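The values are calculated or read from the model by the stated rules, or taken from the named source; none is laboratory data. All values derive from a computational prediction rather than experimental measurement. As a convention, Cβ positions derive from the backbone with ideal geometry for all residues, glycine included, and neighbour counts pool all protein chains shown.
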Amino acid sequence: MQTHLDSLCFPSSFRWGTATSSHQVEGHQYNNNWWAAEKAGGFVYQDQQSGAACDWWNRAEEDFDRMAALGLNAHRMSIEWSRVQPAPDRWDDDALARYQEMVDALLERDIEPMITLHHFTEPLWMTAQGSWENDESVGWFEKYVHRVVTLLSDKVTLWCTINEPMVLVGQAYLAGIWPPGQKSLRSSIDVGLNLTKAHAAAYHTIHGINPSAQVGLAKHMVSWSPHRVWIPTDHLVARMVNRITNHLILDAAATGRARLPFGKTYHIKQAANTLDWLGINYYQRYRVGIKIRNFLRTFFPSLPANIFYQGTKPGYQKGPGSWGEIHPEGLFDTLRAVAHYGRPIYITENGIPDRDDKNRPRFIITHLHQLWRAIEEAIPVKGYYHWSLVDNFEWAEGYNPDFRFGLFGVDIETQERTPRPSSRVYGEICRSNSLTQDLVARYDPELVPQIFRVDASKEPQQTEAT
């Protein structure tokens, strides 16, 4: 791979893309569990409803043109299960045809589609039958996957079975802040197991239809650090949380086994070796540890019950609200940590909530620098999909103005798109297939000595402590 002091070049086959999900951009998803939760209230910022979202069901091609203008050669999108299978015994051929049109439109623009088959939402008929807590959910998902992949297998090579399974488990079944709003450890384990089995069933189904397909999943990865580096228990908590949230499902998909720390080992033999590639969704760092005072509640019951700390430290850049620290080096560390799975890697999501676009140009530059470092160390990263192309409906955050992720701003009322400066930054990088000193000097000159201080082909950089 060619490297110059003033230009960090990526492999010639590198995929430059963006990522979206169906419910967040298509609009008018009347038949899934999130739409029902929005109507019921209590889950979304100011009880907002997704409504028309970005109106992709009618105008996706307009945004595909924007991708092409940026020089993208890849895009990750999802299929809405509730659209194509509105009832257990009924398929919507018009919906399937519309997805075929979208895929064709991407290919016509020389943009390779990566298709996600499940991105948080489910049909209402599935919700009525217990959702992912019902063991039959694996078969329901397999049937849906078979129908979609049969339709698109001659056009799509890259398939993502499930997006962020542990996020769905944690938010919907443990923390209870997403529908169905449960707070149950037992339900969380059951759902995690069924999602893992569903991924495995989808993997084998897809390969049965097209043996040359490339199948993976998108795994949300957090950089967990000890809150107090001088306290051993905080290191222990960080390692435990990292194992559960970051590696449990990946281990199952690699080996067929998932072992809970200090707990049971689950054997899911059908899941072994069901990753042709690994998708990494990376956004942030959190600090974790034990609240010593609250730990003493064991002996002094009047003290508060919460003994774990999760948060951020003052003095470090962070996102809005409870969003974690912006920590580019964490992407490099994450890639190095998952390299042992021995699979090609895609960054299937990476982005920042930044409505004024003050921090997104730097975010893109610094994270791509860390990605480039990983490639220099022979970690097989094959592509990068920025989250997101356009502002969209951001789940529990709805249309909260503080949670705008788009390279293009979107006025939800008028559907007008406004390019942000970060779209120009990303477009230049994609078109040149490199991160150049000239670009960094124009958009964020303070970064030049940090990124281009050495000839990286001769002297590899080390991760800096922050």
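Things worth noting here:
- Residue check for V222: touching an Asp or Glu at 6+ places or on another chain (Cβ under 6 Å), closer than 30 Å to G342 by Cα, β-branched (V, I, T) and surrounded by 21 or more Cβ atoms within 10 Å (Cβ to Cβ): no
- Failed condition for Y426, given (1) over 22 Å from I347 (Cα atoms); (2) assigned to a helix (DSSP H, G or I): (1)
- Every pair of residues 6+ apart whose Cβ atoms lie under 8 Å, when the first sits in region 248-277 and is farther than 19 Å from H204 by Cβ while the second is surrounded by fewer than 14 Cβ atoms within 10 Å (Cβ to Cβ) and polar (S, T, N, Q): R259/T265
- Number of the condition not met by T366 [criteria: (1) of a type in the set (V, I, T); (2) out of contact with any strand residue (DSSP E or B) (no Cβ under 7 Å at 6 or more places or on another chain); (3) over 23 Å from Y286 (Cα atoms)]: (3)
- Taken over region 242-264, residues that are modelled with pLDDT of 95 or more, in contact with a strand residue (DSSP E or B) (Cβ under 8 Å, 6 or more places away or on another chain) and at negative phi amount to 10.
- The set of residues in region 365-409 being more than 27 Å from L435 (Cβ to Cβ) and outside any loop (DSSP other than H, G, I, E, B) consists of W395, A396, E397.
- Output for region 15-30, where each listed residue is crowded, with 20+ Cβ neighbours inside 10 Å and either aliphatic (A, V, I, L, M) or part of a loop (DSSP other than H, G, I, E, B) (or both): A19, T20, S21, V25, E26, G27, Q29
- Residue match in region 52-68 (condition: closer than 30 Å to E376 by Cβ and outside any loop (DSSP other than H, G, I, E, B)): yes
- Given (1) outside any loop (DSSP other than H, G, I, E, B); (2) under 16 Å from W159 (Cα atoms), index of the condition H119 fails: (1)
- Residues that are among the aliphatic types (A, V, I, L, M), surrounded by 14 or more Cβ atoms within 10 Å (Cβ to Cβ) and not in a helix (DSSP H, G or I), drawn from region 433-455: L435
- Filter pass, H235 being more than 24 Å from P113 (Cβ to Cβ), under 18 Å from the mean Cα position of the chain (by Cα) and either of a type outside the set (D, E) or not in a strand (DSSP E or B) (or both): no
- Of the residues screened, F43 is one that is surrounded by fewer than 23 Cβ atoms within 10 Å (Cβ to Cβ), modelled with pLDDT of 95 or more and closer than 20 Å to E122 by Cα.
- Of the residues making up region 196-203, none is surrounded by fewer than 18 Cβ atoms within 10 Å (Cβ to Cβ) and touching a residue at least 40 places away in the same chain (Cβ under 8 Å).
- Test for A254: is it in contact with a Phe, Trp or Tyr (Cβ under 9 Å, 6 or more places away or on another chain), of a type in the set (G, A, S) and part of a helix (DSSP H, G or I): yes
- Look at region 34-50: where a residue is under 20 Å from E80 (Cβ atoms) and of a type in the set (D, E, K, R) and a partner is in a helix (DSSP H, G or I) and modelled with pLDDT of 95 or more, sitting 6+ places away or on another chain with Cβ atoms under 8 Å, you get E38/D47.
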